[in-house]
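The values are calculated or read from the model by the stated rules, or taken from the named source; none is laboratory data. None of these values were measured; they are calculated from a predicted model. Cβ atoms come from the backbone with ideal geometry, glycine included; neighbour counts cover every protein chain shown. Just the protein is used for accessible areas: all its heavy atoms, side chains included, with ligands, DNA and RNA removed. Shrake-Rupley method; radii C 1.70, N 1.55, O 1.52, S 1.80 Å.
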Amino acid sequence: MNTEASPSPATPSAPVAPAYRGAGLDLRDLTLAYGEVDVVRSISLRVEPGTTTCVIGPSGSGKSTLLRGINRLHEPKSGDVLLDGASTLGQHPDQLRRKIGMVFQHFNLFPDHSALENVALSPWKVKRLSKKEAIDLARARLDEVGLRDRADHRPKDLSGGQQQRVAIARALAMEPQVMLFDEATSALDPELVNGVLNLMASLSRRGMTMVVVTHEMGFARRAANQVVFMDEGQVVETGTPEDIFDRPRSARLQRFLSEVL
Ligand code: ADP
Ligand code: MG
C-alpha cells in the first residue's frame with residue numbers, strides 16, 4: 001500500500017480541507033538577469049485567482065528564475081508582478097514572501113527542528129502569533145497534509161514525500177495568496193511522488209492560486225487550468241492542457257514533448 005497517499009483521518013475540531021481564496025497574479029514584461037545575461041526575457045502572463053498554471057520547458061529555460069522573480073528571491077531587472085491587480089515592486093521582499101509561498105525541490109526544512117516546529121516557526125517569529133496560536137495553526141496544517149502523527153519527527157526521520165508535505169504545510173501556515181512550486185517532486189523516490197502531487201492537486205481544487213514548474217506532464221494535464229511552455233527565457237506557447245499536449249503549434253514545443261512524453 002502507498003502510505004503516502006493515505007492521510008490521517010480528520011477530526012471535527014481541525015478541518016483538514018479548508019477552502020482557499022487565491023489572488024490573481026499578473027506578470028508584466030518581467031525580465032530577470034544574471035549579470036549581463038537576461039535569462040527570463042520580458043514575460044507577461046495572467047494567472048486567474050484560484051487557478052493553477054503549470055510551467056514546462058527544457059532545463060535552463062529560466063523556469064526557476066521566473067518563480068524566484070515572482071516572490072523576489074531574485075530581484076527583477078525590469079517589469080512588474082501584480083497581486084490582485086496591485087503592483088508588488090514597491091513592497092519589501094519579506095512582505096511579498098508572506099503572500100507568495102514557495103516550495104522547492106529540496107524541501108529546505110530546518111534539520112534540528114521537528115515537523116511541528118518547522119511549520120510553527122514563521123507564524124510565530126514572522127507573523128508574531130503567540131506560541132500557542134502558532135502551534136495550533138501548525139497542527140492544523142500538518143493535519144491537512146496528512147502528517148498529524150509525524151508532528152514530533154525531525155526531517156531526517158521522515159520520508160522525502162513526508163518532508164515535502166511538511167514544507168507545503170509550512171508554506172500554507174503563512175496563509176499565502178499564491179503558491180509557487182519548483183519541481184517539488186523531482187527529488188523524490190518514484191513511489192512517493194503521487195502523494196505529493198495529490199496534495200498539490202487538492203490545493204488547486206480548493207482554490208489556491210498556484211504556479212507549478214514540473215516535469216510531471218500527467219499532473220499538468222490533470223491539474224492545470226493553463227500550461228505555459230518556456231524555452232530560452234521566453235514563453236513560447238500558452239494554452240489549456242489540451243492545446244499544449246494535443247495540439248502543440250510550435251516546432252520547439254513539438255520537439256520538447258517528443259522528448260519527455
Ligand atoms: P530552469 O529552471 O528552467 O532549468 P534556470 O532558471 O535555473 O532554468 O536557469 C536559467 C538560466 O540561468 C540558465 O542558462 C542557467 O545556466 C542560468 N543560471 C541559473 N542560475 C544561475 C546563477 N546562479 N548564475 C548564473 N547563471 C545562472
Ligand atoms: Mg529549475
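Brief remarks follow.
- Theoretical gain in end-to-end length, Asn225 to Ser186 [0.36 nm per residue, Cα-Cα removed]: 11.9 nm
- Kirkwood estimate for the chain, i.e. one over the average of 1/r between Cα atoms, Å: 18.7
- Pairwise centroid distance, computed over Cα atoms, of the range 25-53 with the range 231-261, Å: 18
- Values of log10 I(q)/I(0), in the order q = 0.10, 0.13, 0.19, 0.20 Å⁻¹, for the range 138-261 under a Debye, Cα-only, solvent-free model: -0.36, -0.58, -1.05, -1.13
- Rg/Rh, computed from the Cα trace of the range 80-158 with Rh as the Kirkwood radius, has the value 1.04.
- Among Val227, Val212, Val126, the largest mean-square fluctuation in a Gaussian network model of the chain, built with springs joining Cα atoms closer than 10 Å, belongs to Val126.
- Among Gly22, Gly218, Gly35, the largest mean-square fluctuation in a Gaussian network model of the chain, built with springs joining Cα atoms closer than 10 Å, belongs to Gly35.
- Taking every DSSP helix (H) stretch of at least 4 residues in the chain, weighting each as -39,500 (n - 2.57) and dividing the sum by the residue count yields a mean residue ellipticity at 222 nm of -10500 deg cm²/dmol.
- Of Val236, Val166, the residue with the largest accessible area leads and the full order is Val236, Val166 (1.4 Å probe).
- Angle in degrees between helix 190-205 and the longest Cα principal axis of the chain, rounded to the nearest 10: 80
- Protein accessible area in the range 165-261, 1.4 Å probe - carbon and sulfur %: 42
- Angle in degrees between helix 251-260 and the longest Cα principal axis of the chain, rounded to the nearest 10: 40
- Placing a pseudo-label 7 Å from each Cα along the Cα-to-Cβ vector at Arg249 and Arg28 gives an inter-label distance of 2.5 nm.
- Accessible surface of the range 30-122 [probe 1.4 Å, protein heavy atoms]: carbon and sulfur percent: 51
- Heavy-atom accessible area per residue - the chain, 1.4 Å, Å²: 46
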